[in-house]
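Below: the structure, in C-alpha cells.
Throughout, read-outs are computed from the coordinates displayed, never taken from laboratory work. Nothing here was measured: the structure is a model prediction, and the numbers come from that model. When we count neighbours, we look across all protein chains shown, and the Cβ atoms used for this are built from the backbone with ideal geometry, even at glycine.
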Amino acid sequence: MKKYFLLILITLSCLPAIACDICGCGVGSYYLGILPEYNKRFVGLRYQHKTLMTHLGPLGERTPNTADETYQSIELWGGWNIGNKFRVLAFIPYNFNDRKAQTGNGYKDGLGDIALMGYYNAFNHRSTVGEKLLVQSLWVGAGVKAPTGKYEPNERLQVSESPNNFQLGTSSTDFTLNAAYDIRLMDLGLNLNANYKINTENKYAYRYGNKLTLNGLLYYKWRFFNKLSIGPNAGLLYETSQNDVESGKYTVDVSGGYALSLVGGIEANFGRFSAGANYQNIASQHLANNRAIAGDRLMVHFSVAF
C-alpha cells in the first residue's frame, strides 16, 4: 500500500507549476473533487459561483478603476464507465459573467467551452488491514476542450491592465492530463486529483498559460438504512500559473500566479441520486502580478445514476 501512495504523491509533486486563468475564474475551471457514486453512468448539474477584484493598484489596493467581477456557471456534466477499465466525463457549461466598476459595468452570458475527459483504471486493489477493508484505485487519462465559448478580442484591448478573464471561452482547442487517486479504509478515505491543462494559441494570437490544479480531500461516509450515505469532507485546493502570451512572444504581466484554498463540503447519496456542495476559502494568493484578488467560491451539484 505504501509504495502506491508514495507513487501518487511523487507524481503530483512533479507536475509543472503553471495555469490558464486567474484562480479558476472566467474561462475555465477543472476542479472535480469527489465524484458522485455510480456504477455505469450518471448525469447531473453543477453550479459554481466565484468572485474576483481586478484593475487593482501596484500594491493590490483598490483604485477608481477597480472592478468587482462575478463568474457563475451552470454546467451539465456526466460520466460513463465503459467496462471496468475506462471512464469518460463530459462538461457543457453555460456561463454568466458580471462586472461592476465606476468606469462602466459589463455583463455577458452564453455557452462556455465544452470539455471531454477520458480515464483509464491503472490500479484497483482491495485488501484487509486487520479486520478492516482497504480499497485503493488510480485513474489516469487525458482530455480535450473545444472552442465553443465566445471570445471577444476587444475585451483584451479595453482592459489591458486587467486579466483577460471576462470571456465566455478561450477560442482555442486545449488539452488536459488527469489523475485521480482514492484510498479508503472502511468509511474513512482520502481523495487526490490532479489536472494539467495545456493551452494552444487562439486565432487572435493569444494563448492562456497552461493550468495546473491539485486538490486533496479527506472524507468520511456515514451510512443509514443501507440506502443513504452522508460524507463530509475537508482538504486543500491549489492552483498555480505562468503568464499568458500574446503573438507568441509577448508576456502578459497581469496574468499568472497562484492560489491556495481551504475546502469544506458534504456529499450525500440516496439510491440513484447524489448531491453535494463545497465552499472554497482562499487562504493564500498572488495573482496577476498583485493586480487581482480572488474571493471565496461555492459549488453545488446534483446528479442521477442510471
Handout entry: Unit charges at the beta carbon, dipole of the stretch 45-103: most positive-side option, Thr70, Ile82, Tyr94
Key = Ile82
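If you take all C-alpha pairs in the chain, what percent of them are over 29 Å apart?
Looking at the chain, the distances longer than 29 Å represent 35 percent of pairs.
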Problem - Length released on extending from Phe306 to Phe175, taking residue separation times 0.36 nm less the Cα-Cα span - result: 44.3 nm
Problem - Cα centroid of the stretch 88-142 to Cα centroid of the stretch 186-252, whole Å - result: 7 Å
Completion exercise
Percent relative contact order for the stretch 120-265, counting Cα pairs under 8 Å at least six residues apart, stands at 17 percent
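Can you compute the FRET efficiency between Leu133 and Lys203 using 1/(1 + (r/R0)^6), with r the Cβ-Cβ distance and R0 = 51 Å? Round to the nearest 0.05.
Once the sixth-power term is evaluated, E becomes 0.45.
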Exercise for the section: Give me the net charge of Ala194's neighbourhood, meaning all other residues with Cβ under 14 Å from the Cβ of Ala194; Lys, Arg count +1, Asp, Glu -1. Expected result: 0
Exercise for the section: Could you pull out every residue, at least 5 positions away or on a different chain, whose amide H is within less than 5 Å of the one on Gly257? Hs are placed 1.01 Å off N in the peptide plane, and Pro or chain starts have none. Expected result: Ser241, Gln242, Ala288
Problem - Cβ-derived FRET efficiency at R0 45 Å, Leu228 paired with Asn154, nearest 0.05 - result: 0.30
Practice task
Order these peptides, 238-246, 184-192, 201-209, by their mean beta-carbon neighbour count within 10 angstrom, highest first.
Solution key: 238-246, 201-209, 184-192
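By how many nm would the segment from Thr63 to Thr251 lengthen if fully extended, with 0.36 nm per residue of separation less the alpha-carbon distance?
Between Thr63 and Thr251, full extension yields an extra 65.3 nm.
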Exercise for the section: May I ask for the angle, rounded to the nearest 10°, between helix 2-13 and the longest principal axis of the chain, with both axes built from Cα atoms and the value confined to 0 to 90°? Expected result: 10 degrees
